[in-house]
Amino acid sequence: MVWRNTFLDPAQPGGWALLYNQQHFLADSNGVLFPRDWIKRQDLPILGEQGIGHFGDDAVYLLQLKPSATLEDCSWQSLRQFMLQGDAETFRMLAYAAQIGTWYAEHRYCGSCGAPTRQLPGERAMRCDNCESQHYPRLAPSMIVLVTRGDEVLLARSPRFVTGVYSALAGFVEPGESVEHCVAREVREEVGLEVKNLQYIGSQGWPFPHSLMLGFHAEYAGGDIVMQEDEIEDARWFRVDDLPPLPASRSIARHLIDLYVARRLGLPEPSLSSVSYTHL
């Protein structure tokens, strides 16, 4: 089934419910979707509700629960688990739901005056009646870049990574700079190198917690690796035929690596559809 996000009125009956709290979804042996009307009869501690779209032909609603919420024969599963194990369309649905859930949790009170907010009918917005401000879902733009040097790719690892895993360099776009300037700055800051011939590859919504990851390829232009203290644990050049453990296959980081390796080795290029992001 295909996931399509859209605004749905929570006042409408029926549909399916996703049960969410802090990057986790409640699931049973049948998955993460529960009959919504049945859920409403279970006396769960619901903090809020959003109508978020359609999975196939079925309406889907996001119910924000307190961490203490439980259901018999159900357990909380992290969004990262679904990225690694679930099907692509289910992960797209959960990624969108998680970002809407994060937005709602962070805007139950006004960031300007601290007063409680209320959900505006008919649109995805929280309104503060005290200071008349409105809060919409926002994304944090970020970039990820694979730097290459012929048959070598530059990969690094952060102290926060899974043990042994290496990835491309990434960072957030700062106020006032373009994504292209961000790429050059982050590479310079994290490993001390200069890059050239920047090429945009594609983008991926990254719901950890609410980023839009813009993926690039860049060629090495000069410098020696000097790792940024506290940010980079290790960084080195790897040959395309001798790579370390890599990020999850559904991540844009992995796609950048797989795409370059395929082009250098004359292999079929990986599909973008399997990681659910757009390509120009």
Could you state the angle between the C-alpha long axis of helix 252-265 and the longest principal axis of the C-alpha atoms of the chain, as a value from 0 to 90 degrees rounded to the nearest 10?
40 degrees
What residue among PRO207, PRO121, PRO175 has the largest mean-square fluctuation in a Gaussian network model of the chain, using Cα springs under 10 Å?
PRO175
What is the Rg over Rh value, at two decimals, for the stretch 54-126, using alpha-carbon atoms and the Kirkwood definition of Rh?
1.02
Along principal axes, Cα extents of the stretch 175-280, largest first, whole Å:
35, 34, 26
Taking the Cα centre of the stretch 76-159 as the origin, how large is its charge dipole in debye, to the nearest 20, when only Lys and Arg (+1) and Asp and Glu (-1) carry charge on their Cβ atoms?
160 debye
For the stretch 165-191 and the stretch 73-92, what is the separation of their Cα centres, given in Å?
29 Å
Which order do the peptides 184-191, 217-224, 249-256 come out in when sorted by mean C-beta neighbours inside 10 angstrom, highest first?
249-256, 184-191, 217-224
Taking the stretch 3-106, the whole-percent share of alpha-carbon pairs separated by over 18 angstrom is 40 percent
What relative contact order, as a whole-number percentage, does the chain give when Cα pairs under 8 Å and 6 or more residues apart are counted?
15 percent
With 33 Å as the cut-off, how large is the P(r) tail for the chain, expressed as percent of Cα-Cα pairs?
32 percent
Debye, to nearest 20: dipole size of the stretch 145-260, +1 on Lys, Arg Cβ, -1 on Asp, Glu Cβ
380 debye
Once both axes come from the Cα atoms, what is the angle between helix 88-106 and the longest principal axis of the chain, in degrees from 0 to 90, rounded to 10?
70 degrees
Per the Cauchy relation, a quarter of the hull surface: what is the mean projected area of the convex hull of the alpha carbons in the stretch 122-230, in nm²?
9.9 nm²
Tell me which of LEU44, ILE225, GLY266 sits at the most positive position along the dipole axis of the chain, charges placed on C-beta atoms (Lys, Arg +1; Asp, Glu -1).
LEU44
Specify which residue in the list TRP103, MET1, PRO13 is farthest towards the positive end of the charge dipole of the chain, using unit charges on the beta carbon of Lys, Arg (+1) and Asp, Glu (-1), about the Cα centre.
PRO13
Prolate/oblate/rounded label for the stretch 43-190 (Cα gyration tensor, a/c 1.5):
oblate
Under a Cβ-only charge scheme (Lys and Arg +1, Asp and Glu -1), can you give me the dipole magnitude of the chain about the Cα centre, in debye to the nearest 20?
440 debye
Kindly provide the helix-only [θ] at 222 nm of the chain, computed as the sum of -39,500 (n - 2.57) over DSSP H runs of four or more divided by all residues, to the nearest 500 deg cm²/dmol?
-6500 deg cm²/dmol
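Read the figures in this text as sums done on the coordinates, not as results from a lab. Keep in mind the model is a prediction, meaning the values are calculated, not measured. Neighbour counts run over all protein chains shown; Cβ positions are idealised from the backbone, glycine included.
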